[in-house]
Amino acid sequence: MNQAKERPGITSISFKNKKTYILDRAMPLFLFLCAAVSIVTTIGIVYTLLSETVDFFRKIPIFDFIFGTNWSPLIAPKSFGILPLLSGTMMITIIACLFAIPVGLASAIYLSEYAPTRVRKIVKPVLEVLAGVPTIVYGYFALTFVTPLIRIIFPDTGVFNALSAGIVVGIMIIPMVSSLSEDAMQAVPRSLRQGAYALGATRFEVALKVVVPAAFSGIVSSAVLAFSRAIGETMIVAVAAGATPKLTFNPLESIQTMTGYIVQVSLGDIPHGSIEYGTIYAVGMALFVITFLLNILAQWVARRFREEY
Amino acid sequence: MSILQDANREQISRRRKIDWILHILFIAATAVGILALMALLVNIMMDGLSRLSPDLFTNYPSRMASKAGLKSAIVGSIYMVLIMTPISFILGVGAAIYLEEYANKNWLTRLIQLNISTLAGVPSIVYGILGLTIFVRGMHLERSLLSGALTMTLLVLPIIIVSAQEALRAVPRQRRDASFALGATRWQTVSGSVLPSAMPGIMTGVILALSRAIGETAPLVMIGALTFVAFLPNGIMDSFTVMPIQIFNWISRPQEAFHELAAAGIILLLGLLLIMNFAAILLRNKYSKNL
């Protein structure tokens, strides 16, 4: 207990221990630099993506990139339209959300409004384990379990297909929806529920007509975050969704997502500085901008529409 | 009157029925997540248990599934975490201390805070692109252990900062007041009183962040962790591979035998994560008793 020996109440000049004085003065600066690393990281991300992307758009017109319907950067005739990758990403994300948002929301309602405390204490952490499983493990699960299951029902499904990857991405984001939504529902004051029960409402009426509307901002924000997480998911789609960029609405076909493309290129040996190399940054930039806007949207929804009690 | 009562009774019984049906539906939805987790575990156990042998620990990767092992990948994962731990601990906890104990409530602090929560939502593969550009090419660290560890440090920093902030916030004000009243300087208060009492909470967050890093694949694929490393890294500038990368490589092969190997590797990986999470839970329990 060194600090106990210091004399209280006297100005800093009286510090007998010079080391203590210097430390006290130097530490704030050092700690600020630690905090500044996060800012530098963001600047680094934006700068690296932007500089290479601008370079890329000098060679490929930005219009062709955004509205082109053919993505074939590695094989001649080369073509750089991102729409096939975007549609692949959207297909995976929409399948995942169609699966995860209803299931996650229903789980959240069950855990928050129906489940006895004992059940909730066990089930909630178990669901959260799903969020801690490495994505490569989910990739294996999609390829070796879900895909064969789908092929029993639809025999002409490809080994790589969007449906299997989408469902498994959905499983991965269930805990995001259920946990965050449940937290929002738990924040709804008990008095609101008791008021509804006193008027003779049943449990589902309390849940759906009182608690869900009151927690709506939190629920929407959790759904947007889950959507953004599904867009950025990489390994599941790299393993199970295939590597054939195409504009299709058939979830049983092999597709390619933006993240899947970036992985495919980085596995190969593309020379630094080539157009093919630039595509990583252009696609990465698109990915970053989309997820960034969605995350901002989620935060805005949570704040703007929050019901204060 | 009796007609009205009958109508009322009918309505009540209908609402009770809906309540009952929805109750079942909500339980079923909750079961979906749990069943998916069980299916995943059973599927991996059935595929991989037969290949779980000492050879997996002692053999290097090989073109023949019967001889392939995870030795270089296990060592690579351990080295990467050993390099990451001190760097991410100092940077993450330092940032958290600054934000909680030092920073004034001004625009800069708000910007840093907002920035950290935004960084947590950036897809991990974007960190891979960053690492590839800055560390591998910009700083000429090449495809080394150091590049990988630094990239992963940036990836887990937001997680460590947020959890460390929560741990610091949970330390009661009186502890700081008591220390100041004894004449301690601000840094003496933080290092001698606040930090020790927040340490279990901080450690929990750090362990969870490191377990995230152990399972992460995409950024390391980007910076070019190799998939065929038949040697152990000698220093931080050596090329390397890690467990998830090796598993990814095995999954990508068409042969069934490699899939079984991948499943065995996944069992190891999940076992490691389980141990780390268990340690985090033990720490958390100890922590909540202390307060």
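Bear in mind these aren't lab numbers, they're just calculated from the coordinates by the rules spelled out. It should be emphasised that the depicted structure is a prediction, and the values quoted were computed from it without experimental measurement. Note that each Cβ is placed from the backbone with ideal geometry, even for glycine, and that neighbours are counted across all protein chains shown.
Quick notes on this one:
- Where a residue in segment A:249-275 is at negative phi and among the aromatic types (Phe, Trp, Tyr) and its partner, wherever it lies, is part of a loop (DSSP other than H, G, I, E, B) and crowded, with 24+ Cβ neighbours inside 10 Å, with Cβ under 6 Å and at least six apart: none
- Single match in A:ALA298, A:ALA240, A:ALA207, A:ALA302 (criterion: more than 10 Å from chain B (Cβ to nearest Cβ) and of a type in the set (Gly, Ala, Ser)): A:ALA302
- Of the helices (runs of 4 or more DSSP H) lying entirely inside segment B:179-291, the ones with 3 or more residues being more than 12 Å from chain A (Cβ to nearest Cβ) are found at B:195-215, B:256-290.
- Looking across segment B:120-163, the residues that are surrounded by fewer than 22 Cβ atoms within 10 Å (Cβ to Cβ), in contact (Cβ under 8 Å) with a residue 24 or more places away in the chain and within 20 Å of A:PHE292 (Cα to Cα) come down to B:ALA120, B:ILE159, B:VAL162.
- Put simply, of A:GLY158, A:GLY132, A:GLY139 the only residue that is crowded, with 16+ Cβ neighbours inside 10 Å, in contact (Cβ under 8 Å) with a residue 24 or more places away in the chain and within 10 Å of chain B (Cβ to nearest Cβ) is A:GLY139.
- Any hit, segment B:164-172, residues being within 9 Å of chain A (Cβ to nearest Cβ) and in contact (Cβ under 8 Å) with a residue 24 or more places away in the chain: no
- Residues satisfying the stated conditions in segment B:126-161, i.e. under 22 Å from A:GLY260 (Cα atoms) and outside any helix (DSSP H, G or I): B:ARG143
- Here B:ASN234 meets each of (1) farther than 29 Å from A:ALA238 by Cβ; (2) in contact (Cβ under 8 Å) with a residue 24 or more places away in the chain with one exception, condition (2).
- A:ILE167 being closer than 30 Å to B:ARG253 by Cβ and buried (at least 18 other Cβ atoms within 10 Å of the Cβ): yes
- Subset tally (residues that are in a loop (DSSP other than H, G, I, E, B), surrounded by fewer than 19 Cβ atoms within 10 Å (Cβ to Cβ) and in contact (Cβ under 8 Å) with a residue 40 or more places away in the chain) for segment A:37-84: 3
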